[in-house]
Amino acid sequence: MLSGLVIVDKPQGWTSHDVVGRMRRIAGTRKVGHAGTLDPMATGVLVVGINKATRLLTYIVGTSKTYTATVRLGESTVTDDAEGEVTAARSAAAVTDDAIRAGVAALTGEIEQVPSSVSAIKVNGERAYARVRSGEAVKLSARPVTIHRFEVHEIRRVREGEALDVNVTVECSSGTYIRALARDLGEALGVGGHLTALRRTQVGPYTLDQAHTLEQLAETLDVLEISDAARALMPNRELSEAETTEISFGRRIAAGAAAGTPGAATADSPAAAFAPDGTLVALLADAGSYAKPVLVFAPDNEKHGSDKHGSKNHSNEKQAGQ
């Protein structure tokens with residue numbers, strides 16, 4: 001059975017759900033999911049899981065992300081991006097490069113961020129964006145996020161100097177809204193701001209260099225085999241034959257070397273355990289002097305070579321983060 005991750009370069013105008021639907025047809029299976037939504041306006045890395053690899057997606061969602069983006073200063077929109085109506089236009093002619101860089105610095109590190117009102121966050125059981133579209137004024141609560149890197153690359157004057165376009169790179173924790181960063185930067189500078197372009201270049205260890213367009217995937221379904229995907233994503237533990245047998249039956253084994261330290265495997269941050277032949281056997285969590293399986297993968301049925309879709313096994317491909 002074909003199981004693994006597909007790193008999709010999502011096209012502009014497609015929802016993440018649209019991509020999943022297309023991948024179901026390409027892979028010939030209903031068991032397909034994605035690890036972290038991209039807005040229709042955005043392009044770039046969307047990690048898609050096929051069959052048993054969908055069980056890894058929950059551990060990918062919480063990883064850090066990296067984006068390149070363009071922020072328009074001098075205009076605010078209802079959606080905080082270019083897809084919404086302009087709600088205010090204020091001259092950014094007096095905004096200096098130094099002021100922009102200072103504003104970016106203030107939004108770097110651990111911050112409290114109010115998500116965009118048209119986000120998919122649920123308010124009393126209903127998506128915030130649905131409430132906004134029905135005419136309701138929605139104000140979401142601030143939440144902690146971490147901006148690891150917020151770097152300005154280029155500042156350009158547009159609209160006869162009344163607005164500024166700022167090209168940036170953002171590396172951030174899961175749950176960060178780049179639209180909200182654009183909005184908050186503009187508000188801090190007193191001119192408003194919104195996002196005009198967004199491209200995700202990395203999700204956890206998976207990068208744009210590994211991504212393929214849907215057209216390319218329809219020709220050749222390039223799948224990162226599940227063992228290689230897990231090896232790049234999590235701390236690794238190599239099992240003996242005896243340990244492999246025990247874990248395969250769901251039984252516990254001796255704890256890993258990191259047990260009792262902050263780096264110990266947990267149910268939320270497990271270690272990927274591999275049989276001597278390199279096959280992914282299970283995800284493990286340390287509990288005292290023992291390690292117990294969080295998820296067990298049936299042995300010897302995850303590896304694959306070419307199939308009828310033209311899939312390729314990339315077990316030797318170097319992964320980011322290794």
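The values are calculated or read from the model by the stated rules, or taken from the named source; none is laboratory data. Keep in mind the model is a prediction, meaning the values are calculated, not measured. Cβ sites come from the backbone with ideal geometry, for glycine too, and all protein chains shown count toward neighbours. With ligands, DNA and RNA removed, areas are computed over all heavy atoms of the protein, side chains included. Shrake-Rupley method; radii C 1.70, N 1.55, O 1.52, S 1.80 Å.
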- prompt: Can you name the residue in the range 232-260 that is touching a helix residue (DSSP H, G or I) at 6+ places or on another chain (Cβ under 8 Å) and open to solvent by less than 40 Å² (accessible area, probe 1.4 Å) and, of all such residues, is farthest from L56 (Cα to Cα)?
  reply: I253
Failed item, numbered, when A88 is tested on (1) surrounded by fewer than 16 Cβ atoms within 10 Å (Cβ to Cβ); (2) more than 28 Å from G186 (Cβ to Cβ): (2)
message: Any residue that is farther than 30 Å from G103 by Cα, open to solvent by 10 Å² or more (accessible area, probe 1.4 Å), in contact (Cβ under 8 Å) with a residue 40 or more places away in the chain and in contact with a Leu (Cβ under 9 Å, 6 or more places away or on another chain) - is there at least one of those in the range 187-210?
response: yes
- prompt: Here is a list of conditions, (1) open to solvent by less than 10 Å² (accessible area, probe 1.4 Å); (2) β-branched (V, I, T); (3) under 18 Å from A182 (Cα atoms), and T66 meets all of them except one; can you say which number that is?
  reply: (1)
query: Quick one: would you say A229 is buried (at least 18 other Cβ atoms within 10 Å of the Cβ) and either free of Cβ contacts under 8 Å to residues at least 24 places away in the same chain or in a helix (DSSP H, G or I) (or both)?
result: yes
task: Considering only residues that are out of contact with any His (no Cβ under 8 Å at 6 or more places or on another chain) and part of a helix (DSSP H, G or I), look in the range 160-205 and name the one that is nearest to T68 (Cα to Cα).
output: I178
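Table: residues versus (1) β-branched (V, I, T); (2) in contact (Cβ under 8 Å) with a residue 40 or more places away in the chain.
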{"site": "T169", "(1), (2)": "yes, yes"}
{"site": "S173", "(1), (2)": "no, yes"}
{"site": "L181", "(1), (2)": "no, yes"}
{"site": "A218", "(1), (2)": "no, yes"}
{"site": "V223", "(1), (2)": "yes, yes"}
{"site": "S240", "(1), (2)": "no, no"}
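Of the residues T37, T96, T108, which is open to solvent by 50 Å² or more (accessible area, probe 1.4 Å) and in contact with a helix residue (DSSP H, G or I) (Cβ under 7 Å, 6 or more places away or on another chain)? Before you say what the answer is, go through the steps one by one.
Working: T96 fails: in contact with a helix residue (DSSP H, G or I) (Cβ under 7 Å, 6 or more places away or on another chain); T108 fails: in contact with a helix residue (DSSP H, G or I) (Cβ under 7 Å, 6 or more places away or on another chain).
Being open to solvent by 50 Å² or more (accessible area, probe 1.4 Å) and in contact with a helix residue (DSSP H, G or I) (Cβ under 7 Å, 6 or more places away or on another chain) holds for just one of T37, T96, T108, which is T37.
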task: Only residues that are open to solvent by less than 50 Å² (accessible area, probe 1.4 Å), over 15 Å from R55 (Cβ atoms) and either of a type in the set (G, A, S) or in a loop (DSSP other than H, G, I, E, B) (or both): list them for the range 280-297, please.
output: A287, A291
- prompt: Looking at the range 40-47, is at least one residue in a strand (DSSP E or B), touching a helix residue (DSSP H, G or I) at 6+ places or on another chain (Cβ under 8 Å) and open to solvent by 20 Å² or more (accessible area, probe 1.4 Å)?
  reply: no
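Kindly check whether there is at least one residue in the range 3-21 that is charged (D, E, K, R), open to solvent by less than 10 Å² (accessible area, probe 1.4 Å) and not in a loop (DSSP other than H, G, I, E, B).
Filtering the range 3-21 for residues charged (D, E, K, R) gives 9-10, 18.
When the remaining residues are screened for being open to solvent by less than 10 Å² (accessible area, probe 1.4 Å), the result is 10.
Among the residues that remain, those that are also not in a loop (DSSP other than H, G, I, E, B) are: 10.
Yes, the conditions are met somewhere in the range 3-21.
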